[in-house]
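First up is the structure itself, then whatever we jot down about it.
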Amino acid sequence: MTLYRNVASLILAVMLLQAASGILSVTTPLALDSMGASALGVGLVAATFSAGFMFGAWFAPDIVRQVGHIRAYSAAAAIYAAGILMMGLSFDAIAWALFRLFQGAASAVMFTAAESWIADSTPRSKRGGVMGLYQLMLKLAICGGPLLVVEHAADDVKPFIWAGLLMILAVIPLCATRRAQPV
């Protein structure tokens, strides 16, 4: 039980990230459609997130090594949250593609920081159980996030505010942990 308590703050932080991501995964294509974007445009905006994630995954280990887990995660969360809030300020598909690119890269850094920390904090013999719980909780969060914005119109700014708020809150559990971050 102590083992799960040791990584609970990390799991909570990534759950908040996933809840925000879940909101965006539903809100972004609906909002783009309400703006009159073509199906190709919606797909391209979605693809830029994935491209950003791949780019971020390439550099994330070096970033985490250079600045540490908490700083890497926190800076990436700030970039991601800024991108979310900018989406709420600028209803423009081309701008959104750029925002989603940076969000994808930031997401990769956040996952790298959290998951490497979990792996470092968990004995090998217990890692499968901890990672199983971690994955379950993330799936619940990504499915639950959109429930916060069920009654909002596609062109409403409130889903972006909710997603931005959750992303900002995703920093608190990680920064408030008493566990030492990995070297």
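Magnitude of the charge dipole for the stretch 1-142, about its Cα centre and with charges confined to Cβ atoms of Lys, Arg (+1) and Asp, Glu (-1), is about 540 debye. Take each complete run of DSSP H in the chain, measure how far its Cα atoms stretch along the helix's own axis, and keep only those covering 20 Å or more with mean Kyte-Doolittle hydropathy at least 0.0; list them. TM-like helix candidates: 2-34, 39-67, 69-89, 93-121, 124-144.
Between Met131, Ala141, Phe111, the Cα set farthest toward the positive side of the dipole of the stretch 95-183 (charges on each charged residue's Cβ, about the Cα centre) is that of Met131. Based on protein heavy atoms only, the stretch 1-130 ends up with 47 Å² per residue of surface accessible to a 1.4 Å probe. Taking all Cα pairs closer than 8 Å and separated by 6 or more residues, the relative contact order of the stretch 31-133 comes to 40 percent. Taking the Cα centre of the stretch 1-134 as the origin and placing charges on Cβ (Lys, Arg +1; Asp, Glu -1), which of Thr28, Ile63, Leu10 is farthest toward the positive end of the dipole? Comparing the listed Cα positions along the dipole, Leu10 ranks first. The solvent-accessible area of Ile142, taken with every protein chain present and a 1.4 Å probe, is close to 60 Å². Taking trypsin sites (Lys or Arg not before Pro) as exposed when their DSSP state is a loop state and no more than 15 other Cβ atoms lie within 10 Å, the longest site-free interval of the chain runs over 1-177. Would you look at the GNM of the chain, springs on alpha carbons closer than 10 Å, and say which of Ser107, Ser74, Ser38 moves the most? For the chain, modelled as a Gaussian network with Cα springs under 10 Å, the answer is Ser38. Contact order, relative form, for the chain: 44 percent (alpha carbon pairs under 8 Å, 6 or more residues apart, mean separation divided by residue count). When the Gaussian network model of the chain links Cα atoms closer than 10 Å, the mean-square fluctuations of Met87, Met54, Met110 top out at Met54. To the nearest Å, what is the center-to-center distance of the stretch 141-183 and the stretch 23-52, using C-alpha atoms only? With the stretch 141-183 and the stretch 23-52 each reduced to a Cα centre, they are spaced 19 Å. Between Ser116, Ser125, Ser34, the residue with the greatest mean-square fluctuation in the GNM of the chain (Cα pairs under 10 Å linked by springs) is Ser125. By the equivalent-ellipsoid construction on the alpha carbon gyration tensor, the chain comes out with semi-axes of 30, 17, 13 Å, ordered largest to smallest.
The values are calculated or read from the model by the stated rules, or taken from the named source; none is laboratory data. Treat the numbers as computed from the prediction; the structure is a model and nothing was measured. Using ideal geometry, Cβ is built from the backbone for each residue, glycine included, and neighbour counts are taken over all protein chains shown. Note: accessible area is taken over every heavy atom of the protein model, side chains too, but ligands, DNA and RNA are not part of it. Shrake-Rupley method; radii C 1.70, N 1.55, O 1.52, S 1.80 Å.
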